[in-house]
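Next up is a structure, given as structure tokens.
The values are calculated or read from the model by the stated rules, or taken from the named source; none is laboratory data. Remember, it's a predicted structure, so these values are computed and weren't measured experimentally. Glycine gets a Cβ as well: all are built from the backbone with ideal geometry, and neighbour counts include every protein chain shown.
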There are 2 protein chains.
Amino acid sequence: MSNLVQEKIDAYKKLLQKIIAYEEAINLMDWDLKTVAPKHSIEARSETIGVLSSEVFKISTSKEMEELLTFLLSSDKDYNLEPIVRRSLEEQKKEFDRYKRIPADKHQEFVVLTTKANNIWEEAKDAADFKLFQPYLQQVVQMLQEFTELWGYKEHPYDALLEMYEPGMTVKQLDIIFQGLKEALIPLVQEVAEKKAIIGDFLRLDYDLSKQKELNEFLVDQMGYDFQAGRLDPTVHPFQTTINRGDKRITTKYVHNDLTVSLFSTLHEAGHAIYEQSMDSQLDEWLLAEGASMGIHESQSLFWENIVGRSSEYWDYYYQKLISYFPEQLKTVTKDEFYRAINAMKASFIRIEADELTYHFHIILRYELEKELIAGNIQVKDLPKAWNDKMKEYLGVVPENDAQGVLQDMHWSDGSLGYFPSYSLGYLYAAQFTHQMGKELPEWKEQIKKGNLISIKEWYNEKIHRHGRCKTTNELVKEVTGEELNPDYLTAYLKEKINQLYQ
Amino acid sequence: MSNLVQEKIDAYKKLLQKIIAYEEAINLMDWDLKTVAPKHSIEARSETIGVLSSEVFKISTSKEMEELLTFLLSSDKDYNLEPIVRRSLEEQKKEFDRYKRIPADKHQEFVVLTTKANNIWEEAKDAADFKLFQPYLQQVVQMLQEFTELWGYKEHPYDALLEMYEPGMTVKQLDIIFQGLKEALIPLVQEVAEKKAIIGDFLRLDYDLSKQKELNEFLVDQMGYDFQAGRLDPTVHPFQTTINRGDKRITTKYVHNDLTVSLFSTLHEAGHAIYEQSMDSQLDEWLLAEGASMGIHESQSLFWENIVGRSSEYWDYYYQKLISYFPEQLKTVTKDEFYRAINAMKASFIRIEADELTYHFHIILRYELEKELIAGNIQVKDLPKAWNDKMKEYLGVVPENDAQGVLQDMHWSDGSLGYFPSYSLGYLYAAQFTHQMGKELPEWKEQIKKGNLISIKEWYNEKIHRHGRCKTTNELVKEVTGEELNPDYLTAYLKEKINQLYQ
């Protein structure tokens, strides 16, 4: 490699080093705001995060970055770049293009709009009045429509949005996937609806918060989450965040009269964190220590939350531990009653409270509406009705008001249309990966029964985690499971679970 | 004001806004490291703080900053700048000059040297072996000698170091102040040495940490510290830090078998924080919401820690509260026994454990050695002996080894020679301000007896805090007390206290 090329690579690494530093600062400031910052810290903090974010934007779109990317990725030369360097440059080039194709003032306008839209959405939700939010959502949709044209897409403008969260995924593929899912799951929803509802009132007793804290720390430690490279703190809306290469924090929410809120939030966020904690250390400096896609990241959190955390085998081992924390509340409850209660399936209005089965209809509904909004086939003003119609069709329930319906999620207010499909894709990936794990590690359920979660973790470390975003979603799925994404594994998993629960 | 001038001011403010943003990020990352960050976060965090600090350095010394300062402070024009703008420009100009007079590579070399020196100092202290540290300290002293020549000074090279911490203070003035203090305090030390020692073993019983936490939160709340604009967290070496204009955090150290460590650390750091919380809000954007000097800042912490927190009147009110937290430990202890125990005076080796009287000899000793080191009148290799000789002379005790002597403080390893005098100056300012408060608020001790600390806080808010660094130390002292710094007030305060304690 010539000296000039090495110099360019060094200069590129130096730019990344700055981006990494600013992002550490931003992520810590954000974590602090959401966990421990005092009230009067908020105003200045938001300004500061804005200043640092715009520095990241400046570096990512700088003349220097452009020249380095152009030089090092020039198609007619072969510099013998290491694969990791090339991959980093390609990812950075994608981001450069995405930013650069939007005029700077449009970008700024969108930030201002979504900040405002987010505030108004909160008001509208509190008032259960979609009309308040409607004009802002109209502008958000309109700007995103413009952006998709500027970004470009092969077939459907919505593809350009999917690209941000699920690179390579298209409307064409999603339509097939979700159609198949609908056809497979609707009969299951009907089947469950005819069964006797599961009662789990004991989950709503008073559960001491400090005991919950101890329990949650114990459980994530059991998963192999490294507390020397992270923390677990309470917050309002649980999240996982990466502060730096040695610091992947998780948060949870402790609620007095609901044991499950902290329990499953913690397992979920710890799933994300274990992914982040297990990436190859050489990826960090190349900005490649990130999830392959939102869907893949979600597959890791959902695996731990549901496939492990809501399995009968997991509680075979951990139920006795749980009782030791809450002997009073659970003294008359069997492990099986507990297992059924945390898995009860029932159509409901709110996505984030939905069970593993009905959840997908919340996503499919949103996907269908978003896609048509962006294509201009449905108008913002018609959303509430369209929403309720689909709820009725898919789940047989109709929200009593817009707060329980079309206004329930934040995503549209902050412009992240295109994100929702990643949630369902996460379930699909998780089921498919786990099926493969079952072939390679046939004793995995027996291991869980013994409270040995480490061999499972290590399987995922080896197959998925260590690669960060060095492999695409498609590459991962194919290399790990030997086939393309296949929704049948989720269907099979859900069928088996329903059998266990409602037999 | 012309448009051009307004434009320049706006451009200047924009630079400050960036500095403020980076400093918020740096301070939060530092706070996090010292309170909650997991172990593996440290390595990358240190690099990140380095990246952001060098950005602050770049902005502060940029061509743009230079041009703006030169234009706006040009001596032959009068732009009718608001006083706050002029003051900000002048302070920024000082920092610009200070940075710019050191060549960039020298600056970098000093950072690397002091980082290494600091590590070696820790080793040397653990091994109680000055020889290990000696070559590094030699280099630190040598570089500081070079710097003082580059910065310039009127009479003594040490003046250039004092300027960083105590602007306007000189060796000439300090020699007089400290000589007077020595003459006044040596007889007091002798007087106390002849009295019967005060025993306070009950302070070393087992004090539950969570009770201590409750107590400390209660006490700082009583002082008027605003928990909506700050937090109190445990750490190893207590400190106060300003995160942003609405967030001034304090830390303390909880020790099982020593009630006083957390108690007086907390009062001390809360004193700093109340200063920071009470500055005029318009100072923030001009980078003037800082202490007038280290000594003035220290006067506020020492006022609360000692003049209030170790007063008989304070415990007239709060001792009953204290007992309510620790009834077992204090059941046979009278308020007077407690008051005497927390004020016991006794010559000892360690500065940070020294009482209000003997403390000053620790400072005078360091000042005298630093001054002669920088002037080249004493060699680094001769420090251990010079240290012990002075300890013997001033306090009549000789450390058993270098860890208890010349190696005890971190300050020399990180290059902050010139800082120590600010500690004693803080006591002097505090005594002088408080004497003035006694004239303007004659009932202040009665107020303390009733647990009303707010009128005291408000007196300091009005006289000192709100000005930030808009006034110099000399201006503050003169405007508030009507005279120059006068060490007699401290001497009088100490005499009265000794009378109370040892009569």
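Condition check: outside the structural domain of B:TYR12 (by TED's automatic domain parsing), at negative phi and among the aliphatic types (A, V, I, L, M). Does B:VAL85 satisfy that?
Values: outside the structural domain of B:TYR12 (by TED's automatic domain parsing): no; at negative phi: yes; among the aliphatic types (A, V, I, L, M): yes.
No.
For the range A:420-461, which positions are in a loop (DSSP other than H, G, I, E, B) and in contact (Cβ under 8 Å) with a residue 40 or more places away in the chain?
Correct list: A:LYS450, A:GLY451, A:LEU453.
Kindly indicate which of B:LYS381, B:LYS390 is touching a residue at least 60 places away in the same chain (Cβ under 8 Å) and either touching a Gly at 6+ places or on another chain (Cβ under 7 Å) or among the basic types (Lys, Arg) (or both).
Within the list B:LYS381, B:LYS390, the selection yields B:LYS381.
Follow-up question, since we're still on this one. Within the range A:342-367, take every residue that is acidic (Asp, Glu) and without any contact (Cβ under 8 Å) to a residue 24 or more places away in the chain and give me the one that is farthest from A:GLN138 (Cα to Cα).
Applying the filter and picking the extreme gives A:ASP355.
Another question, if that's okay. Test of understanding: among A:ALA128, A:ALA104, which residue is at positive phi and either of a type in the set (A, V, I, L, M) or under 26 Å from the mean Cα position of the chain (by Cα) (or both)?
Being at positive phi and either of a type in the set (A, V, I, L, M) or under 26 Å from the mean Cα position of the chain (by Cα) (or both) holds for just one of A:ALA128, A:ALA104, which is A:ALA128.
Surrounded by 24 or more Cβ atoms within 10 Å (Cβ to Cβ) and modelled with pLDDT of 95 or more, is that true of A:SER416?
In short, no.
Here's something else I'd like to know. From the list A:ASN401, A:ASN377, exactly one residue is at pLDDT 95 or above and under 30 Å from A:VAL236 (Cβ atoms). Which is it?
Selected residue: A:ASN401, the only one of A:ASN401, A:ASN377 that is at pLDDT 95 or above and under 30 Å from A:VAL236 (Cβ atoms).
For residues in the range B:206-249 being in contact with a Leu (Cβ under 8 Å, 6 or more places away or on another chain) and hydrophobic (A, V, I, L, M, F, W, C), which is nearest to the other protein chains (Cβ to nearest Cβ)?
B:ILE243
I'd like the full set of residues that are away from chain B (no Cβ under 14 Å) and touching a Pro at 6+ places or on another chain (Cβ under 8 Å), limited to the range A:250-259.
Listed by number, the residues that qualify are A:THR252, A:LYS253, A:TYR254.
Search the range A:462-496 for residues being in a helix (DSSP H, G or I) and hydroxyl-bearing (Ser, Thr, Tyr), and hand back the single one that is surrounded by the fewest Cβ atoms within 10 Å (Cβ to Cβ).
The extreme case among them is A:THR491.
Among what's in the range B:36-68 and is part of a helix (DSSP H, G or I) and touching a residue at least 40 places away in the same chain (Cβ under 8 Å), pick the residue that is nearest to the other protein chains (Cβ to nearest Cβ).
Initially, the range B:36-68 is screened for residues part of a helix (DSSP H, G or I), giving B:39-60, B:63-68.
Applying the additional criterion that residues be touching a residue at least 40 places away in the same chain (Cβ under 8 Å) yields B:57, B:59-60, B:64-65, B:68.
Numbers: B:PHE57: 14, B:ILE59: 11, B:SER60: 16, B:GLU64: 15, B:MET65: 17, B:LEU68: 18 Å.
Only one residue tops the list, namely B:ILE59.
I've got another one for you. Tally time: how many residues in the range A:171-210 are outside any helix (DSSP H, G or I) and of a type in the set (Ser, Thr, Tyr)?
The total comes to 1.
For the range B:66-74, check the following and say yes or no: at least one residue is modelled with pLDDT of 95 or more, more than 30 Å from A:ASP30 (Cβ to Cβ) and in contact with a Cys (Cβ under 8 Å, 6 or more places away or on another chain).
No; the residues of the range B:66-74 include none that is modelled with pLDDT of 95 or more, more than 30 Å from A:ASP30 (Cβ to Cβ) and in contact with a Cys (Cβ under 8 Å, 6 or more places away or on another chain).
Here is a further query. Filter the range B:209-227 down to residues that are touching a residue at least 12 places away in the same chain (Cβ under 8 Å) and touching a Pro at 6+ places or on another chain (Cβ under 9 Å), then give me how many there are.
Matching residues across the range B:209-227 total 3.
Scan the range A:245-285 residue by residue and report those that are surrounded by 24 or more Cβ atoms within 10 Å (Cβ to Cβ), more than 25 Å from A:ARG204 (Cβ to Cβ) and of a type in the set (Asp, Glu).
Matches in the range A:245-285: A:ASP247, A:GLU276.
More than 29 Å from B:SER281 (Cα to Cα), without any contact (Cβ under 8 Å) to a residue 40 or more places away in the chain, charged (D, E, K, R) and more than 14 Å from chain B (Cβ to nearest Cβ), is that true of A:LYS93?
Yes, satisfied.
Give the residue, chosen from A:LYS77, A:LYS116, A:LYS106, that is assigned to a loop (DSSP other than H, G, I, E, B), farther than 25 Å from A:GLY468 by Cα and free of Cβ contacts under 8 Å to residues at least 60 places away in the same chain. I'd like the intermediate steps shown before the answer.
Values: A:LYS116 fails: assigned to a loop (DSSP other than H, G, I, E, B); A:LYS106 fails: assigned to a loop (DSSP other than H, G, I, E, B).
Unique residue meeting the criteria: A:LYS77.
Taking the range B:1-35 as the search range and keeping residues that are small (Gly, Ala, Ser) and within 9 Å of chain A (Cβ to nearest Cβ), which one is nearest to A:ASP32 (Cα to Cα)? Let's see the steps before the verdict.
Taking the range B:1-35 first, the residues small (Gly, Ala, Ser) are B:2, B:11, B:21, B:25.
Restricting the remaining residues to those that are within 9 Å of chain A (Cβ to nearest Cβ) gives B:21, B:25.
On the way: B:ALA21: 15, B:ALA25: 11 Å.
It comes out as B:ALA25.
If you check A:ALA403 against the conditions, is it part of a helix (DSSP H, G or I), in contact with a Lys or Arg (Cβ under 8 Å, 6 or more places away or on another chain) and among the aliphatic types (A, V, I, L, M)?
yes
Looking only at the range A:466-503, which residues are within 20 Å of the chain's Cα centre (by Cα) and of a type in the set (Lys, Arg)?
A:ARG466, A:ARG469, A:LYS471
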